[in-house]
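**Q** This is the structure I have questions about; it appears just below.
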Amino acid sequence: MKDNILFDSYKDILNDTSLTRLATLTTIIYSIIFVIYVVYQTYSTISETTDQSKTIDIAIEYISFFIKNIEFAGFIFIGAIILAIGYFLLPPIADGALISYVKNKKHGGKKALSKGILNFFPMFEYNAMTSAVNFLVFFIAISRAYSMGILNNIFIQILIGIWGLVLLFASIFFHYSKFFIILKGLGPIDAMKESIFLTFENFFLTIKFVFISYLLYIRFILNILFVIFIPLFLIRLNVKLGFFDSNITKFMIYTSFGLLIILTAYINGIIEAFFISYWYKVFEKTQENTED
């Protein structure tokens, strides 16, 4: 295999609409939750000068205002429950479906989706086991520690340092675990062991592609933040101008966030499709090196 993994992965998402469609379909709920979290985190950052109890009171007041001023609030509540359930159920299916698809594209998206459903339990177990070694969870923990004023505590700093080292280890050595689960039929523990061994055997190759993937993630995240903060900026501008209670402003808020969810879901689908294709090709390359 020629060393053109990055370019080939780019061609996959550019030319294979089935891949991006499958990724978007299976990650849309995660994308919605992601948008909600970013908006909440932005609100928390803006309100960090207030005390914790005051922040909670303002948040409750805002949620109450939001529900009272939207029709069919009951449907929204039910939708929130569906989102919560889908947030935990769809990602394991998405991983299995996308890996199966890039392995055998000629079988089509439906076959890949059924493969993802069949591998739901091992992938769900793996995601649960590795949920703590996640950059988003790590960021949330640090931001919460900062807002609570305990980040200067030496014990907290030691815990965060240890957690950071474990996260760094996992970000390097666990990349191949999902492929061993889906393609080799291994359990989560055995898959992680095999991923560690394979990384050691191809250490410099893996480090190279880990570094490239981090650079790509930064670019994708910047694109998402750009999409997210445009409507937030417009909303804040209208509040400062005193137009927040107008029907036009309310319409703009709902429309902006509706479009935002769609755009973010599409972008996130592209990201997932790209990196599954990317790391599958790296995995194949390591397999070739092992056979040699």
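**Q** Do we have Leu83 as at pLDDT below 85 and within 19 Å of Phe274 (Cβ to Cβ) here?
**A** no
**Q** I'm checking my understanding of the structure. Among residues of segment 134-166 that are in contact with a Phe, Trp or Tyr (Cβ under 9 Å, 6 or more places away or on another chain) and at pLDDT 85 or above, which one is surrounded by the fewest Cβ atoms within 10 Å (Cβ to Cβ)?
**A** Among those residues, the one meeting the criterion is Gly164.
**Q** Collect the residues in segment 111-130 that are within 19 Å of the chain's Cα centre (by Cα), surrounded by 15 or more Cβ atoms within 10 Å (Cβ to Cβ) and among the small types (Gly, Ala, Ser), keeping them in residue-number order.
**A** The answer is Gly116, and nothing else.
**Q** Those residues that are exposed (fewer than 13 other Cβ atoms within 10 Å of the Cβ) and under 20 Å from the mean Cα position of the chain (by Cα), I need them from segment 170-217; list them, please.
**A** Phe211, Tyr214, Leu215
**Q** Can you name the number of the only condition in (1) of a type outside the set (Asp, Glu); (2) more than 15 Å from the chain's Cα centre (by Cα); (3) more than 29 Å from Asn104 (Cβ to Cβ); (4) modelled with pLDDT under 85 that Asn289 fails?
**A** (3) is the only condition that Asn289 fails.
**Q** Quick one: in segment 263-283, which of the residues that are farther than 22 Å from Tyr176 by Cβ and among the β-branched types (Val, Ile, Thr) is surrounded by the most Cβ atoms within 10 Å (Cβ to Cβ)?
**A** Thr264
**Q** For Asn238, only one of the following conditions fails: (1) at pLDDT 80 or above; (2) of a type in the set (S, T, N, Q); (3) over 28 Å from Leu6 (Cβ atoms). What is its number?
**A** Going through the list (1) at pLDDT 80 or above; (2) of a type in the set (S, T, N, Q); (3) over 28 Å from Leu6 (Cβ atoms), Asn238 breaks only (1).
**Q** If the Cβ limit is 6 Å and pairs must be 6+ apart or interchain, which residue in segment 122-146 that is farther than 17 Å from Gly96 by Cα pairs with which residue that is in a loop (DSSP other than H, G, I, E, B) and not small (Gly, Ala, Ser)?
**A** Ala145/Leu151
The values are calculated or read from the model by the stated rules, or taken from the named source; none is laboratory data. Predicted model only: the values in this text are computed from it and were never measured. Quick reminder, even Gly has a Cβ in these numbers, built from the backbone with ideal geometry, and neighbours come from all protein chains shown.
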